[in-house]
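Below is one structure; the comments refer to it alone.
Any read-out appearing in this document is the output of simple, stated calculations on the displayed coordinates, not a laboratory observation. The structure presented is a predicted model; accordingly, all values stated were derived computationally and were not measured. Heads up, the Cβs are rebuilt from the backbone with ideal geometry, glycines too, and the neighbour counts pull from every protein chain shown.
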Amino acid sequence: MAKAKALGAKIQKAAHQREQGFGKPIISVEASGQRFLVVCNRIYHSPNWQTFHDFLREFLFSLLGPEWLREETAKSLEIQHPIARWVVMAQSDVTSVPIINGLRHGDMTGSMKAFMQLAYNLYLIAHNSPPDDAFDRVRGYVARLKQRHFGNFLGALYETYAAAAFLKAGFNIQYEEESKGERSYTEFVAVYPQTGRTFSVEAKARNSSGAPQDDEVKRLRVTSKLITALNKYSEHERIVMIELNVPDEVSEDLANQWPAAAMDQIRSAEGLTNNDGQEFDPAYVIVTNHNYHSRLDARVQTQALGFGYKIPDFAPAVPISSFYEYVCSQERHVEIDALMSSLKDHSHIPATFDGQPPELAFDPDQRPRLTVGEVYEIPSADGDPVAGLLESGTVMESQQLAYCVHRLENGTRIIATHPLSDSEMTVWRRNPSIFFGEEDRVKKPAESPLDFAKFLYESYKNTDRTKLEEWLSPWVPAAALAEMDQKQLAARYCEDMAMQMWKTTQANKPGGKVSRNSAGD
C-alpha cells in the first residue's frame with residue numbers, strides 16, 4: 001500500500017510539472033525498474049519501454065488485439081489489412097535505421113510513420129477524453145479501422161488524425177453523435193480556450209488507389225467532399241478537413257499541383273446551393289495530404305494548406321492593401337493560424353517521455369538543454385561566472401556555436417557563446433524555429449516590408465495613442481490622425497517605419513539602388 005501511495009504521489013507530481021507545449025503532457029514516472037505511464041485514468045507499465053515510441057507500439061497492438069494482428073500479418077501482401085501491411089513493412093524497414101547510443105535514429109519510412117501516427121492519434125484521443133468515455137470512444141474507432149472496406153477504413157483513420165490535430169493545437173473538443181433524429185451532425189465541436197471561439201469540425205477523406213495517374217490532381221474531388229461536409233448540420237462556425245490521399249510531393253511552385261487544383265475547386269463551389277436552394281455557410285477548409293500512405297517505402301511528410309470557402313482573406317498569398325488590413329485579418333483568423341502552425345510544428349511524434357529530442361535524451365555526454373526562460377552559468381565581462389537568464393539565441397552552423405542573450409540579476413545583458421554537440425546540431429537542423437524552446441521562435445531574415453512591419457508591431461501595438469499621433473504627425477495630416485483608432489495608428493506607424501527600413505536595407509545591398517516604386521511593391 002505504501003509503495004502504491006508513493007507511486008501515486010510521483011504520478012501526481014509529474015502531472016503538475018510536465019509541460020510539452022501541445023496537448024496534455026505525457027505523464028510518466030520510473031519506479032522499481034518499471035516505466036509507468038498514465039493514459040486518461042489508466043496506468044500502463046512495462047520494464048521494456050526506453051522510448052515513448054516503445055509504449056505507442058504496445059498501446060496500438062493491445063487495442064488491435066494480438067490474435068487479429070497475427071491473422072492479418074500471416075496473409076499475403078495483396079489481401080493484408082492496411083495496418084498489418086504497415087506493421088510488416090515497418091519491421092523490415094527498421095533494420096536499415098542506424099543505431100546510435102543503443103537506439104535507432106533516423107527518419108521514418110511511410111510504413112513506420114503511418115503505424116506510429118495512428119497509435120499517437122488514438123493515444124491523444126484517449127488521453128484527452130472524459131474518463132467515462134475515453135476508451136469506449138477509442139474502441140469504437142478501432143472497430144471501424146478494422147473494417148475491410150478501404151473507404152470506411154480511410155474515413156475512420158482520417159477522423160483520428162483530425163481530432164489529434166486539434167488536440168495538439170490546444171483546442172478542447174467534444175464529439176458529436178453524427179446522427180441525431182433526421183439531422184446528420186459534424187464529427188466534433190472544437191473550442192479554442194484563449195478566445196472561446198467555437199467551431200463545428202467535419203473530416204472527409206478521398207479514397208484513392210494510390211497509383212499515380214495523369215489526371216490525379218484534376219480528380220481530387222475536393223468540391224464533392226466539401227459539399228457533403230457543408231450539408232452536415234452545424235451549430236457553430238465551420239471547419240472542414242479534407243484528405244487528398246495522393247502520392248504527390250509539393251514543390252515551391254504550386255502551379256499544376258494539388259494546392260492550385262484544390263483552391264480552384266473550393267472557389268468554384270462558392271456559388272453552389274443546398275437541396276433547398278439555400279447558400280452554404282462560410283467555412284475554413286484545411287486540405288491535407290498524407291502521401292506516405294501510398295508511398296510506404298519512402299521518407300515523406302504530411303502536407304497541409306488552409307483555404308477559405310467564402311472567406312476571401314484566408315488563403316495562400318492573399319493580397320493586402322495595407323498593414324492595418326493585414327493585422328485585422330490575422331486577428332480574425334487567430335485560431336486557425338494556431339491550428340496551421342501546430343500542423344507544421346507538431347507533425348513529429350514525441351520519441352521520449354519528457355519531450356526531449358531523443359538525440360539529446362540519450363546522448364552519453366548529456367548537459368542542460370539551452371531553453372529560453374532557464375538560468376545558466378556564464379562568464380561575466382571580467383571572466384567570473386554569473387547566473388544569466390536565457391532570453392534568446394541563434395545558431396551559427398559553420399562554427400557549431402549558439403550565440404545567446406542572457407539577462408543578469410542586475411538587468412544588464414550579456415551575449416555568451418555555447419558550443420553545440422553533434423547531437424544538438426542534429427536537433428537544430430530538424431526544427432530550428434523551436435530549438436531554444438517554443439517561446440523563442442527564430443525570426444527569418446526580413447524578405448519584404450511586411451516582415452519588418454510584423455516585427456515592429458510586436459513592440460508598438462500597445463503604444464499610447466498620444467505617442468503614436470506625435471510620431472506620425474510629421475507626415476500624416478491631423479484630421480486623418482483624428483479619424484484613426486489606436487490600432488490603426490500603431491499599424492500605420494509600423495507600416496511607414498517598415499518602408500523606411502526596407503528602403504535602407506535595399507539601398508545598402510552591394511550595388512543596391514532601390515527605386516521608390518520597387519520599395520513600395
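Table for the structure above
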{"quantity": "If the convex hull is drawn through the Cα atoms of the range 27-102, its volume per residue in Å³", "calculated": "118 Å³"}
{"quantity": "Sorted by Cβ density within 10 Å, fewest first, the residues MET108, MET501", "calculated": "MET501, MET108"}
{"quantity": "Members of LYS113/LYS168; LYS75/LYS113; LYS75/LYS225 lying beyond 26 Å, as alpha-carbon distances in this model show", "calculated": "LYS75/LYS225"}
{"quantity": "Full-extension gain in nm, ASP297 to LEU272, via 0.36 nm per residue minus C-alpha separation", "calculated": "5.0 nm"}
{"quantity": "Two-site label geometry, GLN486 and TRP68: point separation in nm, points 7 Å out along Cα→Cβ", "calculated": "5.7 nm"}
{"quantity": "Set LYS310/LYS344; LYS204/LYS232; LYS146/LYS344 screened for pairs whose C-alpha atoms are more than 18 Å apart", "calculated": "LYS310/LYS344; LYS146/LYS344"}
{"quantity": "Calculated FRET value between THR504 and ALA143, using beta carbons and R₀ = 56 Å, to 0.05", "calculated": "0.30"}
{"quantity": "Packing-based order for 311-317, 227-233, 406-412, 81-87, using average beta carbon neighbours within 10 Å, highest first", "calculated": "81-87, 227-233, 311-317, 406-412"}
{"quantity": "Alpha-carbon Rg with Dmax, taken over the range 274-411, Å", "calculated": "22.9, 79"}
{"quantity": "Residues listed by number, the range 265-284, amide nitrogen under 11 Å from ALA315 label point at 7 Å toward C-beta", "calculated": "265-270"}
{"quantity": "Loop chymotrypsin sites (Phe, Trp or Tyr not before Pro), the range 112-141, which have at most 12 other Cβ atoms in a 10 Å radius of their Cβ (DSSP)", "calculated": "none"}
{"quantity": "Computed E for GLU279/TRP475 - FRET, C-beta separation, R0 56 angstrom, nearest 0.05", "calculated": "0.80"}
{"quantity": "Evaluated at q = 0.13 Å⁻¹: base-10 log I(q)/I(0), Debye formula over Cα of the range 369-434", "calculated": "-0.35"}
